[in-house]
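K.L.:
One structure follows; several queries about it will come next.
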Amino acid sequence: MSAGSGIPLSREQLLESLTNTLLGGDFKPGERLPSERALSELYSVSRPVVREAMQRLRERGLIHVAPGSGAYLKESSALDWARSLDAVGRHRAATTRQLVEARVMLEDQAALLAAERATPEDLKNLERALAAFDAAGNVIDRARCDIAFHALIAKASHNPVIEMMFGAIAPLVFEVMLRSLDDPVVMSTGAPLHVLALDAIREGDGARASEIMHQHINLAATMFGPDFDAQIDSIGRHKSDSLFGKDVALEDVIAAALAE
């Protein structure tokens with residue numbers, strides 16, 4: 001980690017310098033960063049300025065802070081993209097229809113590629129996710145398994161860009177899933193398509209896997225009624241608040257589901 005010419009940096013300059021250092025490979029994920037005092041001396045800035053920059057880095061998802069231990073570089077994940085995209089989606093008042101239009105482009109292709117490229121381990125993970133979905137006793141657990149299943153299909157495409165793109169829209173997808181899984185009619189119609197999609201992937205039938213995924217995602221168009229053109233925030237965030245409580249971060253629930 002190198003400092004500048006010894007001339008004190010502004011807050012923004014310090015943040016940019018630290019960001020470039022962290023993203024440039026000077027540190028490995030999980031590695032402890034220098035202390036606030038060390039950074040203050042290195043960059044010739046006050047400790048409050050360093051503390052503010054570290055807080056900004058934490059908000060961006062680049063570091064995590066362990067009380068009494070220090071700051072550590074985080075492993076990057078697609079959910080880091082999701083925070084900003086989620087905010088944009090809500091600011092632009094994205095609707096379920098618009099999310100479905102994006103999902104069919106992404107997940108139809110993911111299913112096709114998964115049928116061509118899935119490894120035995122990928123198939124085992126998909127089977128495990130469906131078994132957990134079937135065994136789930138409530139909407140929350142079903143939604144966790146549902147988002148994991150779709151993320152695993154994206155992963156089985158063995159295209160990191162597709163996996164990243166799905167992770168980026170995962171918060172919006174998860175909220176729509178809560179709406180679907182809390183509706184017995186939508187749930188009973190959509191759940192069997194999971195099994196058919198997995199069968200097609202297992203058999204290496206990409207066209208069939210893509211077709212089933214298309215049908216699965218488009219159920220909202222015929223079964224959501226007015227909610228199909230409603231803002232996702234109005235039908236999803238309120239549902240998540242009622243199920244999880246307002247003190248639970250939805251992103252943390254999704255991150256845990258995708259890590260299982």
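K.L.:
Kindly indicate whether any position in region 16-28 is aromatic (Phe, Trp, Tyr), in contact (Cβ under 8 Å) with a residue 12 or more places away in the chain and out of contact with any strand residue (DSSP E or B) (no Cβ under 9 Å at 6 or more places or on another chain). Working first, answer last.
P.N.:
Residues of region 16-28 aromatic (Phe, Trp, Tyr): 27.
Checking the rest, the ones that are also in contact (Cβ under 8 Å) with a residue 12 or more places away in the chain come to 27.
Then drop every residue that is not out of contact with any strand residue (DSSP E or B) (no Cβ under 9 Å at 6 or more places or on another chain), which leaves none.
Within region 16-28, none of the residues are aromatic (Phe, Trp, Tyr), in contact (Cβ under 8 Å) with a residue 12 or more places away in the chain and out of contact with any strand residue (DSSP E or B) (no Cβ under 9 Å at 6 or more places or on another chain).
K.L.:
Give the residue, chosen from GLU163, GLU127, that is of a type in the set (Asp, Glu), farther than 23 Å from THR95 by Cα and touching a residue at least 24 places away in the same chain (Cβ under 8 Å).
P.N.:
Working: GLU163 fails: farther than 23 Å from THR95 by Cα.
It is GLU127.
K.L.:
Something else now. How many residues are over 18 Å from ALA66 (Cβ atoms), in a helix (DSSP H, G or I) and at pLDDT below 85 if we restrict to region 21-55?
P.N.:
Selection size over region 21-55: 1.
K.L.:
Could you tell me which numbered condition ASP134 fails, if it satisfies all but one of (1) within 21 Å of HIS214 (Cβ to Cβ); (2) assigned to a helix (DSSP H, G or I); (3) not hydrophobic (A, V, I, L, M, F, W, C)?
P.N.:
(1)
K.L.:
Taking region 32-74, which residues are farther than 14 Å from SER17 by Cα, of a type in the set (Ser, Thr, Tyr) and buried (at least 18 other Cβ atoms within 10 Å of the Cβ)?
P.N.:
Listed by number, the list is empty, since nothing qualifies.
K.L.:
Among the residues of region 144-154, are any in contact with a His (Cβ under 7 Å, 6 or more places away or on another chain), surrounded by 16 or more Cβ atoms within 10 Å (Cβ to Cβ) and either assigned by TED's automatic domain parsing to the domain that holds ARG103 or under 20 Å from THR96 (Cα atoms) (or both)?
P.N.:
Scanning region 144-154, I find at least one residue that is in contact with a His (Cβ under 7 Å, 6 or more places away or on another chain), surrounded by 16 or more Cβ atoms within 10 Å (Cβ to Cβ) and either assigned by TED's automatic domain parsing to the domain that holds ARG103 or under 20 Å from THR96 (Cα atoms) (or both), so the answer is yes.
The values are calculated or read from the model by the stated rules, or taken from the named source; none is laboratory data. Here the structure is a predicted model, which means the values were calculated and not measured. Neighbour counts are summed over all protein chains in view; Cβ atoms, including those assigned to glycine, are modelled from backbone coordinates with ideal geometry.
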